[in-house]
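Take a look at the structure below.
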Amino acid sequence: MSKWQVLASVIMISLVGGMIAGYTQALMETVDERNQVLKEQNEIKEELIEHSELNREIMLAIENDEINIERGRASAYSPFDDRNGINSDGNPEVTSTGTRPDFGTFAVDPSRIPYGSEIIVVTEDEIHKGKALDTGGAMRSAPDILVDIFHDCYDKAMEFEIQDAIIIWQ
């Protein structure tokens, strides 16, 4: 073989080697991407399994009358900032159960949701967790409202408005 043929062979081998290295790198990136997709899919499956187990527990608790669930409406109140005169029936410092209103305090109609019940309110955008510790005008004047959620100021309570909700209590 002449020098030129050897040089041409070396160049060809280098070019082919570079192409193979490029293909190998692209293949490795594709494999890494595929592995990442598989990892994400497995994480989603695990979350779905957890949710399925939780849903089974919830359904069992409902069937055994351990928890109650109802569609209704939720509103908000601000007894410490009662600008419209309907956020507090008496002393804003004390709920109807004798506690001080705070975040997590819900007003209810105690004939529908007993005082002391643990409550979860699921609206379109938020989940609120608290306890039935108060009652109020909204419960008496609007029978479709199941819970009134404590807020520390009037503006926040009015911003909440009245929302469709799923109310879960125990």
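Each value in this text was obtained by applying a stated rule to the coordinates, not by laboratory testing. Just so it is clear, the structure is predicted and the values come from calculations on it, not from any experiment. Glycine gets a Cβ as well: all are built from the backbone with ideal geometry, and neighbour counts include every protein chain shown.
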Check residue 113: other-chain or 5+ apart residues with amide H under 5 Å from its amide H, H built from backbone geometry? none
Rounded to the nearest 0.05, FRET efficiency between residue 100 and residue 61 (Cβ-Cβ, R0 25 Å) equals 0.25
Ranking request for peptides 124-130, 143-149, 110-116, 154-160: highest mean number of other beta-carbon atoms within 10 Å first, then the rest in descending order. 143-149, 154-160, 110-116, 124-130
Whole-Hz ³J(HN,Hα) from phi, Karplus 6.51 cos²θ - 1.76 cosθ + 1.60, for segment 158-170, glycine and proline x: 5, 5, 5, 6, 10, 10, 5, 8, 9, 10, 10, 9, 9
Can you compute the modelled spin-label distance between residue 161 and residue 68, with each label point 7 Å from Cα toward Cβ, in nm? 2.8
